[in-house]
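Report on one structure; see the data block that follows.
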């Protein structure tokens with residue numbers, strides 16, 4: 001028994017990323033040593049390291065320090081563990097299990113957003129970063145120079161911000177120091193000065209030069225602080241001085257040893273507020289942590305952006321102090337530039353929901369105290385108490401409104417269809433860091449009119465063909481789920497499959513292939529509870545996790561190709577799923593979206609050419625990369641395609657077949673994920689009956705492919721088109737360059753749009769939308785009192801002044817260079833496009849309108865806002 005109970009406590013960050021509270025290893029403090037040993041062996045086994053609690057538990061239990069637990073030590077375990085229970089609540093919170101150095105790093109106030117009252121730093125936004133700049137900024141320039149940074153490090157006792165020893169999950173990383181990468185200079189690489197920053201077809205090189213050769217130790221020392229380390233950036237032959245750099249990420253930092261590739265954040269505006277790289281001021285350079293294919297973020301972004309606003313992403317090569325650090329994933333920042341690109345405005349309020357195992361960033365109602373929300377949501381725009389109150393109101397409405405009233409109550413304050421697409425993408429692509437599993441790692445935007453929008457944030461742990469996941473809510477009378485009990489996971493899988501081996505739980509040995517469970521009986525797909533979520537998809541029978549209660553936890557990177565699209569429908573900590581999908585109409589729309597994604601986005605014939613393109617783009621750089629987190633063979637395996645595109649692909653596939661040793665997340669690769677996931681979803685009864693949307697063929701200008709691009713949201717045909725019963729309001733006239741024609745109620749000469757009601761009845765425009773972007777069909781909604789009388793006119797001001805009193809003001813302007821304007825029907829009528837107009841470059845004080853009111857060709861007119869159209873003389 002002692003041999004089977006070897007406690008190799010490793011991977012603190014992986015455990016931390018999923019565990020909110022260790023309830024004495026799933027036991028009461030008085031639990032038996034035999035039960036403790038049995039539970040440990042579930043995770044450790046005799047031949048592999050444990051993915052379990054941190055080493056302070058080992059320190060407490062292993063009193064003789066020999067690395068093993070004797071029978072006597074196991075018998076004394078409850079007494080020894082009780083000594084760690086600092087607050088005497090009968091449980092071990094995460095911080096109580098941390099070693100002293102780690103407690104300094106994460107803070108005694110409690111794990112998760114906020115750290116808890118009276119405590120130190122937690123992982124989340126409430127714990128925040130250490131503020132050192134104000135303390136050590138002697139010259140008061142708002143940043144630390146070399147001398148000031150040295151003083152800060154010395155005053156901090158040389159403590160580094162989370163430096164770890166070598167090694168990685170499941171032995172993925174070698175204990176030997178990596179060899180330096182190839183020496184590269186700007187003259188050695190191809191430059192792309194005429195290509196946009198996020199161009200998918202280029203591998204641009206970024207040269208970072210730090211003042212000191214000790215740059216990595218300095219970045220480590222200031223990790224999780226407000227200190228940025230200055231560097232010079234050279235891109236496409238142009239030099240950008242004084243950029244600020246810091247390490248970023250949680251598990252992608254904590255799990256990666258010194259000398260290996262870690263994610264970077266680069267601030268172009270560190271010193272010069274106006275400095276930009278191709279229009280962008282912030283770079284997020286990700287290390288493809290837990291992604292052997294390197295492609296998860298980029299593919300997720302490409303697919304998601306067909307339906308909802310999502311960060312752009314592509315690949316770059318990074319060279320630091322003259323040495324290549326290989327390929328990084330370049331992901332767009334959620335900032336004002338993102339808002340301008342996706343919502344055509346820079347106003348509104350932004351929040352980031354950081355990684356949180358407790359799922360309290362999932363829009364759960366926490367009462368009226370704003371501070372409770374500040375601990376869980378990090379505001380990224382100017383502090384705004386009104387916006388905080390609106391966020392509280394959204395949570396209150398979402399969680400407390402009766403189901404039969406919920407859709408009507410939410411429609412004015414939440415973009416419901418965008419939220420449903422967000423949830424569908426998250427689940428269909430099995431985002432292991434997504435909302436469905438952790439209720440975190442996403443972004444929230446409230447536009448200037450008060451409506452909330454959701455967008456993905458962390459996309460690097462998606463599209464895996466077989467990792468285990470968290471358990472979920474158990475029910476009475478069922479079989480126990482595997483793993484430690486805990487209240488926060490989504491529904492898990494039935495334990496009747498336990499005989500296949502514990503590696504299905506997502507442990508270090510890796511997953512079991514889907515084929516081993518082909519043709520399972522339907523009764524294995526109940527939605528209540530279960531264990532820590534093996535690949536089979538979280539649909540198992542009822543069960544409480546070990547130690548009672550609800551199902552247990554697995555490591556991150558969760559789910560598998562059989563993940564239930566209705567996972568979490570009874571989980572109160574993911575109310576976007578449990579509350580929205582309880583509304584029959586919203587559930588039907590969601591399943592329509594799932595069907596569309598399964599049928600079109602998961603079609604390997606469409607995706608394969610993109611995978612092949614990126615494989616060819618990256619392979620020559622990934623092979624010699626000495627800093628990467630997984631092997632070149634794993635990359636080949638993960639991107640392998642059974643269809644051969646050319647000789648290079650054939651040779652790479654042969655190499656993968658001969659030499660690849662798949663890691664836990666490469667099993668089956670992307671092709672296996674897309675084909676198996678698609679098959680699974682399209683064979684579910686609730687998905688079979690859903691409706692798909694149309695697609696249009698899209699061919700990349702540089703990639704010979706037959707990839708199909710899904711149509712923008714507003715052209716989807718799974719929503720009703722205008723019918724005879726739809727209000728026949730039309731866009732009648734507009735002016736995109738108003739210098740003196742007519743002033744608005746505020747006395748400003750702004751752009752305007754005129755609507756006309758050609759019918760004999762009054763029409764209330766409440767709930768309808770105007771937009772100038774086909775990516776944001778619900779950009780601006782009409783107020784409740786907007787009514788057009790029979791054969792009457794309504795003039796609205798396109799001036800980005802939506803809060804102005806007097807007149808109706810839009811949250812966007814018109815471009816005199818030309819653009820589109822769309823009139824979109826209300827949510828309850830399916831957001832059909834009622835009318836649209838495209839106009840070219842406009843002349844000042846000349847309107848553009850229909851030849852006759854409500855009818856006729858569009859042409860330049862003598863401006864008549866609020867009156868009958870008139871041709872120019």
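The values are calculated or read from the model by the stated rules, or taken from the named source; none is laboratory data. What you see is a predicted model; the values in this text were computed from it and never measured. As a convention, Cβ positions derive from the backbone with ideal geometry for all residues, glycine included, and neighbour counts pool all protein chains shown.
For residue 801, the conditions (1) in a strand (DSSP E or B); (2) touching a residue at least 12 places away in the same chain (Cβ under 8 Å); (3) more than 15 Å from residue 729 (Cβ to Cβ) are fulfilled apart from (1).
In this structure, residue 298 qualifies as under 14 Å from the mean Cα position of the chain (by Cα), closer than 24 Å to residue 607 by Cα and buried (at least 23 other Cβ atoms within 10 Å of the Cβ).
Among the residues of the range 365-384, those that are within 19 Å of residue 413 (Cβ to Cβ), assigned to a loop (DSSP other than H, G, I, E, B) and over 18 Å from the mean Cα position of the chain (by Cα) comprise 365, 366, 367, 368, 381, 384. When residue 233 is tested against the conditions (1) more than 22 Å from residue 629 (Cβ to Cβ); (2) under 25 Å from the mean Cα position of the chain (by Cα), the lone failure is (2). Among residues that are modelled with pLDDT under 55, closer than 29 Å to residue 377 by Cβ and out of contact with any strand residue (DSSP E or B) (no Cβ under 6 Å at 6 or more places or on another chain), residue 126 is included.
As a summary of the residue check, residue 418 satisfies the conditions (1) touching a helix residue (DSSP H, G or I) at 6+ places or on another chain (Cβ under 8 Å); (2) within 20 Å of residue 828 (Cβ to Cβ); (3) without any contact (Cβ under 8 Å) to a residue 60 or more places away in the chain except for the one numbered (3). Out of curiosity, is residue 745 assigned to a loop (DSSP other than H, G, I, E, B) and modelled with pLDDT under 50? When the stated conditions are applied, residue 745 does not pass them. Return yes when residue 662 is modelled with pLDDT under 95, closer than 19 Å to residue 302 by Cα and within 26 Å of the chain's Cα centre (by Cα) and no when it is not. No. At least 3 residues being within 14 Å of the chain's Cα centre (by Cα) and at pLDDT below 95 is the threshold, and among the helices (runs of 4 or more DSSP H) wholly inside the range 385-466 those reaching it are 435-438.
To keep it simple, each residue is scored yes or no on (1) within 19 Å of residue 812 (Cβ to Cβ); (2) in a loop (DSSP other than H, G, I, E, B).
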{"position": "822", "(1), (2)": "yes, no"}
{"position": "835", "(1), (2)": "yes, no"}
{"position": "838", "(1), (2)": "yes, no"}
{"position": "843", "(1), (2)": "no, yes"}
{"position": "848", "(1), (2)": "yes, no"}
{"position": "857", "(1), (2)": "no, no"}
{"position": "861", "(1), (2)": "no, no"}
{"position": "867", "(1), (2)": "no, yes"}
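Taking residue 252, is it in contact with a strand residue (DSSP E or B) (Cβ under 6 Å, 6 or more places away or on another chain) and farther than 18 Å from residue 614 by Cβ? Criteria not met by residue 252. Against the conditions (1) in contact with a helix residue (DSSP H, G or I) (Cβ under 7 Å, 6 or more places away or on another chain); (2) at pLDDT 95 or above; (3) surrounded by fewer than 16 Cβ atoms within 10 Å (Cβ to Cβ), residue 212 satisfies every one except (2).
Of the residues examined, residue 319 is not one that is touching a residue at least 40 places away in the same chain (Cβ under 8 Å), in contact with a helix residue (DSSP H, G or I) (Cβ under 6 Å, 6 or more places away or on another chain), assigned to a strand (DSSP E or B) and buried (at least 22 other Cβ atoms within 10 Å of the Cβ).
Do we find that residue 236 is farther than 22 Å from residue 183 by Cα and at pLDDT 95 or above in this structure? So residue 236 fails the test.
With respect to the conditions (1) surrounded by fewer than 18 Cβ atoms within 10 Å (Cβ to Cβ); (2) at pLDDT below 90; (3) at positive phi, residue 805 lacks only one, and its number is (3). For the condition farther than 30 Å from residue 588 by Cα, modelled with pLDDT of 90 or more and over 34 Å from the mean Cα position of the chain (by Cα), residue 798 does not qualify.
Consider residue 567 carefully, then state whether it is in a helix (DSSP H, G or I), crowded, with 20+ Cβ neighbours inside 10 Å and either on the phi < 0 side of the Ramachandran plot or in contact with a helix residue (DSSP H, G or I) (Cβ under 9 Å, 6 or more places away or on another chain) (or both). So that I can check it myself, show each step before the final result.
Numbers: in a helix (DSSP H, G or I): no; crowded, with 20+ Cβ neighbours inside 10 Å: yes; either on the phi < 0 side of the Ramachandran plot or in contact with a helix residue (DSSP H, G or I) (Cβ under 9 Å, 6 or more places away or on another chain) (or both): yes.
The answer is no for residue 567.
Rundown of residues vs (1) surrounded by 18 or more Cβ atoms within 10 Å (Cβ to Cβ); (2) farther than 30 Å from residue 583 by Cα; (3) at pLDDT 95 or above; (4) in contact with a strand residue (DSSP E or B) (Cβ under 9 Å, 6 or more places away or on another chain), yes/no style:
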| position | (1), (2), (3), (4) |
| --- | --- |
| 780 | yes, no, no, yes |
| 793 | yes, yes, yes, yes |
| 829 | yes, no, no, no |
| 849 | yes, yes, yes, yes |
| 853 | yes, yes, no, yes |
| 865 | yes, yes, yes, yes |
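In the set 378, 462, 419, only one residue is more than 20 Å from residue 579 (Cα to Cα) and touching a strand residue (DSSP E or B) at 6+ places or on another chain (Cβ under 8 Å); that residue is 378.
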